[in-house]
Amino acid sequence: MPKVNIDLLKRLCETPGIPGREERVRALIQSEVAGLFDEIRTDAMGNLICTRKATKVEKKGKGNDNGLGRATRVLFLCHMDEIGFYVKGIDDQGFIRLNAAGGFDTRNLFSRRVLVCTDGGDLPGVMNPGGRPVHIASEEDKKKIPEVKEFFVDLGMKPDKVRKNVKIGDYVVMNEPAMQMGDKFVSKAMDNRVACWIGIESVRAIVEKKAAHACDLTVVFTVQEEVGLRGAHTASFGVEPDIAIGIDVTLACDTPGVPTDEMITKHGSGCGLHIMDSSFIADYRLINELEAVAKKNKIPAQRTILARGGQDGAAGQQARTGARAAGIVVGTRYIHTVTEMVDLVDLAAARDLLAAWAPTVK
Ligand SMILES: [Zn+2]
């Protein structure tokens with residue numbers, strides 16, 4: 001078993017933070033990264049931008065041997081938001097109606113424990129779609145897959161008390177403990193606290209190994225990825241990277257009911273070298289470089305392509321006049337459910353590969 005900081009992963013996963021309300025996750029990360037970076041700041045949208053300046057100069061003739069006349073700027077993009085809901089309204093009986101922030105599969109939303117996050121604190125609730133219980137449901141009712149707008153949250157309070165505590169714009173997350181089981185780690189928010197963890201732990205590994213690097217390394221913990229890479233767009237514009245790495249989950253369909261040619265990634269076979277999705281195509285030379293570093297350091301890695309979906313690497317690639325970009329991903333079973341599962345070997349591989357690769361950038 002690889003050595004993994006499980007305590008940090010659990011705290012990251014259990015901290016609520018949906019698109020536009022990432023502040024609690026950001027505060028946790030901010031306290032974790034103290035001492036790892038030279039500059040830490042939060043921009044107007046809420047992206048947390050952490051930069052570690054080059055610690056050596058790659059000399060050949062004068063200055064850096066990269067033709068730029070300055071240190072190469074490397075950017076890791078790690079989104080902080082998880083999918084969740086905003087409170088859209090409270091009905092006469094005190095039931096809370098919802099607006100989704102991110103792509104939910106409603107088949108996985110029945111009978112969930114949730115937290116309603118308000119200014120006065122987090123309130124436990126249960127979420128269900130409207131309709132009859134099985135005993136009195138018609139055959140027609142049983143086949144129906146409800147839409148998000150049919151779900152509601154029951155706080156178990158009288159309507160006036162709900163109205164006193166909750167307002168439109170408060171937010172709702174799933175309430176499930178994160179846990180290690182066997183070789184895996186399971187949480188409702190592996191997407192994408194896994195990347196927050198990798199962003200912190202890969203830099204921690206560089207610092208602890210005292211690995212010198214010629215690049216300026218910036219890790220941005222981004223906002224609003226699940227609703228369209230929004231934070232990554234503005235943050236990348238500001239950082240103006242030469243190389244951008246989008247760190248995220250991808251699918252691991254190595255489970256029953258999916259043909260092997262649609263597996264995407266296989267658990268335990270290493271971190272994913274993300275070659276393309278519908279938002280970007282990675283720089284093939286960069287993929288080759290990452291793969292060579294993985295081989296040299298005996299870090300397991302697998303090439304992977306996602307037919308649909310997007311990730312922050314696209315925003316890094318397309319900022320200003322463009323950057324070389326790739327994705328480092330962790331195969332996740334049961335994605336966008338409360339049982340998102342990663343393999344600890346794959347997670348450690350993503351950390352180790354980035355920690356080994358960044359110091360090789362000229
Ligand atoms: Zn994601």
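Quick notes on this structure:
- Whole-Hz couplings from phi, Karplus 6.51/-1.76/1.60, listed for the range 102-115; x for Gly and Pro: x, x, 8, 9, 5, 5, 9, 10, 5, 6, 9, 7, 10, 10
- Peptides 8-15, 240-247 ordered by packing proxy, namely the average of other Cβ atoms within 10 Å per residue, highest first: 240-247, 8-15.
- Long-range amide H partners of N175 with built H, under 5 Å: R113, V114, L115
- Close amide-amide hydrogen proximity is noted between G272 and Q302, V329, V330, G331, each under 5 Å apart and 5 or more residues distant or on a separate chain (H modeled in the peptide plane; Pro and chain starts excluded).
- For the peptides 193-203, 90-100, 37-47, 262-272, the ranking by packing is 193-203, 262-272, 90-100, 37-47, with the highest mean count of neighbouring Cβ atoms within 10 Å listed first.
- With 0.36 nm allotted per residue and the present C-alpha distance subtracted, the E208-T339 stretch has 43.9 nm of extension available.
- Residues of type lysines that K164 reaches as a straight line, Cα spacing below 17 Å, ignoring anything fewer than 8 places off in the same chain: K88
- Counting only aspartates and glutamates at least 8 places from K143 when in the same chain, those with an alpha carbon closer than 20 Å to its own are D105.
- Computed packing ranks the peptides 206-212, 354-360 as 354-360, 206-212, most packed first, by mean other Cβ atoms within 10 Å.
- Cα gyration tensor shape for the range 119-198, rounded if a/c is under 1.5, else prolate or oblate: oblate
- The range 10-86 versus the range 286-362: alpha-carbon centroid distance in Å: 16
- Site pair R132 and K296 shows an inter-label distance of 6.8 nm when each label is modelled 7 Å from Cα along Cα→Cβ.
- Given in Å, the Rg to one decimal and the Dmax to the nearest whole number for the Cα atoms of the chain are 21.4, 81.
- Calculated FRET value between V258 and R41, using beta carbons and R₀ = 56 Å, to 0.05: 0.85
- Shown in residue order for the range 352-362 are the 3J(HN,Hα) couplings computed by the Karplus curve 6.51 cos²θ - 1.76 cosθ + 1.60 at θ = phi - 60°: 5, 5, 5, 5, 7, 6, 3, x, 8, 6, 7 Hz (x for Gly and Pro).
- Coupling constants for the range 11-26 follow from the phi torsions by the Karplus curve (6.51 cos²θ - 1.76 cosθ + 1.60, θ = phi - 60°), and in residue order they are 5, 4, 5, 8, 8, x, x, 9, x, x, 9, 8, 4, 6, 5, 4 Hz; glycine and proline get x.
- To the nearest ten degrees, helix 284-296 and the longest principal axis of the Cα atoms of the chain are 80 degrees apart.
- Listed by chain and number, the lysines whose alpha-carbon sits under 29 Å from that of K184, ignoring those within fewer than 8 places in the same chain, are K3, K10, K209, K266, K295, K296, K298.
Each value in this text was obtained by applying a stated rule to the coordinates, not by laboratory testing. In this text, all values refer to a predicted model and were calculated from it rather than measured experimentally. A quick note on method: Cβ atoms are made from the backbone with ideal geometry, for glycine too, and the neighbour counts reach across all protein chains shown.
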